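Each reported figure results from applying straightforward, stated rules to the coordinates on display, with no laboratory input. In this text the structure is predicted, and so the values were computed from the model without any measurement. Every residue, glycine as well, gets a Cβ built from its backbone with ideal geometry; the counts of neighbours run over all protein chains shown.
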Amino acid sequence: MLKVSGIHFSYSQPVLSDLSFEIGNGELLVVIGPNGAGKSTLLKIIVGILSPESGSVLLDDRNIASMPRREAARLIGYVAQGSSIRFPLTATEFVLQGRFAQQRLIGFESDEDVTEATRAMELTDTIGFADRPVTELSGGERQRVMLARAIASRPRLLVLDEPVANLDISHQIRMLDLVRNLISEGNMSAIVVTHELNLAAEFATTALLLKAGEMMACGAPNEVLTEDLLQTVFETELLVDASPISGAPRVTLVPPSRPNRERGI
Amino acid sequence: MNVTDTPNAVRHIASANRVTLAQLVVALTLLALLVIVLAVIATAVGSEHVSLASISKIIIAGITGRSADVTPEQQIIIAEIRLPRVLMAVVVGGALSVAGAAYQALLRNPLADPYILGVSTGAAVGAIVSTVFAESIPVGRPLAAFIGAVLTITAVYALGQGRRGEASERLILAGVITNTFLSSIVIFMLTAASGSRLRSIFSWLIGDLSGEPRLLGLVTVFVMAGIVVIYMNARALNLLMTGEEEAVALGVEVRRVKITVYLAASLITGAAVAVSGVIGFVGLVIPHAIRLVGGSDNRLVIPASALAGGALLLAADTVARTIIAPRELHIGVISALIGGPVFIYLLRRTS
Amino acid sequence: MRPSIESIVALKPDLVIASTASQLEQFVRNLDQVGIPVYVSNPQNIDGVLSSIDSIGELTDTTARASGLTKELRGRIKAVEIRVAGAARPRVFLILGREPLITAGGGTFISDIIARAGGQSISSNEKAAYPQYSLETVVAQRPEVILIQDGERELPDRLQQTPAAREGRVYHFDDGVLLRPGPRIVNGLEQMAAKLHPELFGRE
């Protein structure tokens, strides 16, 4: 349902080179790679915030770049990395913003908007703080509200940039579990950027490994999260075996040698 | 996880968590009533006593086009001094408050005021230049002030262009730099000005609603148009407040909205400052106060700020011209003295 | 503009004369600190101007000339006062600034000049020196003569219906003769008396 072909992008230096991959219906693609690999840039290009120098992004066979902005906004739900908001909008107001692309220029929310926002908040378990300002919510609660806003328009594709970055392990798991449920029930797919390799291994249907703007591997997690590939890309020693619970790849860090201790200091 | 359209949930959302049309109408009606009451009081009181009967005659005569049965002095005082001043207070208060609200949303900073990008300082340069060099030109000062404002708006916008369009931080930086530079020009010109000119320009710099009403009609139409343009972008501004990239992803044409709102807000600020000088406090505090009471939805904040700003300046101006009559106090001081405690009260109530 | 202290010191003056009208308090203190004798004149009315002339005469050892001058000035002032005594005092409004409207209060020597020239300043009750004034009050007071400082534009529109405007008794005046505390204010006094009471002064 999503087909990315030949994406090139640079600022003063090349950031992304010749990226091509596909995602099918109901898939959860996790994009992993070192800092500066271009993961966020890739997401912004898919969403339509940035324009690639060459290449195309097709959603359900339609080119994102040639769609009207509102149309693309309706079809793609985006949660940016590390948002900070200084105005005390209530969670309800925040989620209702996700209906913008569906609304007329001036006016107030329709019943349909309210119903859809309610549904989004129920699915993300955020209905409990509908009347609280988002500035007062905890990190995890705010992430879920942002997710609710992203799904309020019933998009075809969810694009999440580091959605678990500041969450504790329990919330990390709950968040990705939520995303997985949303896409399985909602005729959606998702692209998620994260640094949590084990989380990625557990929840992804497909993994894409990015280094310096180039795609190093794309496929099932156990094909991509291999010791060789990961050690090459992250330039550090890692041990990869299978999780005793699920069989998914399990990445264990190998502590660097400690010369000070050996010298008895 | 199943979707359940429970009536409770829908009611939960549809309640007072967001701005509805009904709420907006109620809020604006109350504020409009406040403005009307204050306008009536402002017309009825002044340094010279004019009876309510005479005032009514003058107003009715003005509407019907006939002449009123009053002395020429009363006619001039009400029709040419007081009523224009009432209108100016409402228009200037409204313009500055809406511009403040717009800037706060645009720059994602609840503490922005309409002067933050240097518009008022540019206007001041124009006003001082015309006061010192071209005093004999009719409506010279407001015209020069407006030109100064427009030039500043253009310069700041051009300076604020980054590699990929204008980022808010870059715009703020451009505005602050321009403001500082222009301020030093203003101060230099002030040191060079002689006694009486100095007094005149000093009063303008603090804000003054007693000016010539010749341009008032034009300014009113201009400001109203600007407020309408900003209001049409109110919903987009709501999204912009949460982040520019997020707004793009949600379907906002961010670049167009930013340019439009920036221009409209800056131009109505320039127009207000051109006729009334640099009245501080209103543009920062009114939108802030509205947000404390009514939430951050710009569909409410913008029109409510317009009315509340008008009300504040009406009250302040009435006090400024009656409390030590026939002398007049400076309106900027009065608006801060009235608005300050109100704002502090609101702040404490909500925290 | 502020004068340069260095230039003044370089000239090694025996005496510096300053007027408070120039708002140079800090400058005067600086001169004091470098030991240069300063005489500051601060007259509030015409008599004050005359006595400052006498004082300067003493300081510069020219008392003869000083008292000669003050005697002549006193004579001219007296002549004016005698002429206008008993005549009806027209209501006078002085415009020092148009926007905002600024006039002179009762304690200024220009207010004193108006009074001695046989006029009644509308703002003579104001204690502040240069208050911002209510246009309404000016209109209501129906001034018969309006004086506008040189360099200001024409009469504000909203004062076009005043008796002064309708009878063409709106005059510009020169700062130099009315606002600077020196002997020329007597010229100013004479000119003003002629304007306020044209019937008493003929075509002089």
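Loop-located trypsin sites (Lys or Arg not before Pro) in the range C:7-101 (DSSP state other than H, G, I, E, B) with a sparse environment of at most 11 neighbouring Cβ atoms within 10 Å are absent. This model, with +1 at the C-beta of Lys and Arg and -1 at the C-beta of Asp and Glu, gives the protein assembly as shown a dipole about its Cα centre of some 1960 debye.
Summing +1 for each Lys or Arg and -1 for each Asp or Glu among the other residues whose beta-carbon sits under 9 angstrom from that of C:Ala140 gives -2. Expressed to the nearest 5 percent, the antiparallel share of DSSP beta bridges inside the range C:83-201 is 15 percent. Distance distribution P(r), the range A:165-226, all Cα-Cα pairs, bin width 5 angstrom from 0: 4, 16, 27, 23, 18, 11, 2 percent. So for the range C:1-42, what percent of the C-alpha to C-alpha distances run longer than 14 Å? When all Cα pairs of the range C:1-42 are counted, 41 percent exceed 14 Å. Whole-percent P(r), the range B:178-257, all Cα pairs, 10 Å bins from 0: 14, 23, 23, 25, 13, 2.
Using just the C-alpha positions of chain C as equal point scatterers, what log10 of I(q)/I(0) does the Debye formula give at each q in 0.12 1/Å? Log10 I(q)/I(0), no solvent term: -0.69. Kindly list the residues of the range A:206-228 that lie in the label zone of A:Gln13, defined by a backbone N under 12 Å from the point 7 Å along the Cα-to-C-beta vector. Answer for the range A:206-228: A:212-213.
The GluC sites (Glu not before Pro) of the range A:23-111 that meet both conditions, a loop assignment by DSSP and at most 14 other Cβ atoms within 10 Å of the site Cβ, are A:Glu53. Using the Kirkwood radius over C-alpha pairs as Rh, can you work out the diffusion coefficient of the range B:208-351 via Stokes-Einstein at 4 °C, viscosity 1.567 mPa s, in µm² per second? Answer, rounded: 78 µm²/s. Scaling the Cα radius of gyration of chain B by the globular reference 2.2 N^0.38 Å produces a ratio of 1.06. For the protein assembly as shown, the normalised intensity computed at q = 0.06, 0.07, 0.08 Å⁻¹ comes to -0.57, -0.70, -0.81 (log10 of I(q)/I(0), Debye sum over alpha carbons, equal scatterers, no solvent).
With both partners inside chain A, how many of the DSSP beta bridges are antiparallel, as a percent to the nearest 5? If we restrict to bridges inside chain A, about 60 percent are antiparallel.
For the protein assembly as shown, the mean residue ellipticity at 222 nm estimated from helices alone is -16500 deg cm²/dmol, where every DSSP H run of n ≥ 4 contributes -39500 (n - 2.57) and the total is divided by all residues, rounded to the nearest 500.
What the Cα atoms of the range A:2-262 give is an Rg and a Dmax of 19.2, 71 Å.
Here the range A:2-262 is assigned +1 on the Cβ of each Lys and Arg and -1 on the Cβ of each Asp and Glu. Its dipole about the Cα centre then comes out at about 600 debye. As a ratio to 2.2 N^0.38 Å, the alpha-carbon radius of gyration computed for the range B:253-326 takes the value 1.32.
Based on the Kirkwood approach, the hydrodynamic radius assigned to the range A:1-142 is 17.3 Å, with every pair of different Cα atoms included.
Kindly give Rg over Rh for the range C:83-201, based on alpha-carbon atoms, with the Kirkwood expression for the hydrodynamic radius. Write down the numbers at each step before the final one.
On the way: Rg = 13.1 Å, Rh = 14.1 Å.
Radius of gyration over Kirkwood radius for the range C:83-201 works out to 0.93.
Placing +1 on the Cβ of every Lys and Arg and -1 on the Cβ of every Asp and Glu, with nothing else charged, gives chain B a dipole about its Cα centre of roughly 300 debye.
Straight-line reach from C:Lys78: which lysines fall under 26 Å, measuring Cα to Cα and dropping same-chain residues less than 8 apart? Hits, sequence-local ones excluded: C:Lys195. Here the spin labels are modelled as points 7 Å beyond Cα on the Cα-Cβ line, and at C:Ile82 and C:Asn30 they lie 4.9 nm apart.
Scan chain B and hand back the longest stretch that contains none of the trypsin sites (Lys or Arg not before Pro) lying in DSSP loops with at most 13 other Cβ atoms within 10 Å. Maximal segment without exposed cleavage sites: B:165-351.
Among beta bridges identified by DSSP and lying wholly in the protein assembly as shown, the antiparallel ones come to about 50 percent. Considering the zone a paramagnetic label at A:Leu253 would reach in this model (a point 7 Å from Cα along the Cα-to-Cβ line), which residues of the range A:82-106 have amide N under 18 Å from it? The answer is none. Counting only residues at least eight positions apart within a chain, or on another chain, the aspartates and glutamates with an alpha carbon under 17 Å from that of C:Lys127 are B:Glu328, C:Asp112. Volume per residue for the range C:35-104 equals 122 cubic angstrom (convex hull of Cα atoms). Angle, helix A:111-123 long axis vs. longest principal axis of chain A, Cα atoms, 0 to 90°, nearest 10? Value to nearest ten degrees: 30.
Considering the range C:1-117 at the alpha-carbon level, its Rg and Dmax are found to be 18.1, 55 Å. Hull volume per residue, based on the alpha-carbon atoms of the range A:110-265 and their convex hull, is 172 Å³.
Of all lysines in the structure, those lying under 22 Å Cα to Cα from A:Lys39, and not within fewer than 8 positions of it along the same chain, are A:Lys3, A:Lys211.
Each pair of Cα atoms in the range C:89-159 enters the Kirkwood radius, and Stokes-Einstein at 10 °C and 1.306 mPa s then converts it into a translational diffusion coefficient of 132 µm²/s. Only one residue of C:Gly106, B:Gly148, B:Ile201 has its Cα farthest out toward the positive end of the dipole of the protein assembly as shown, where Lys and Arg carry +1 and Asp and Glu -1 on Cβ, and that residue is C:Gly106.
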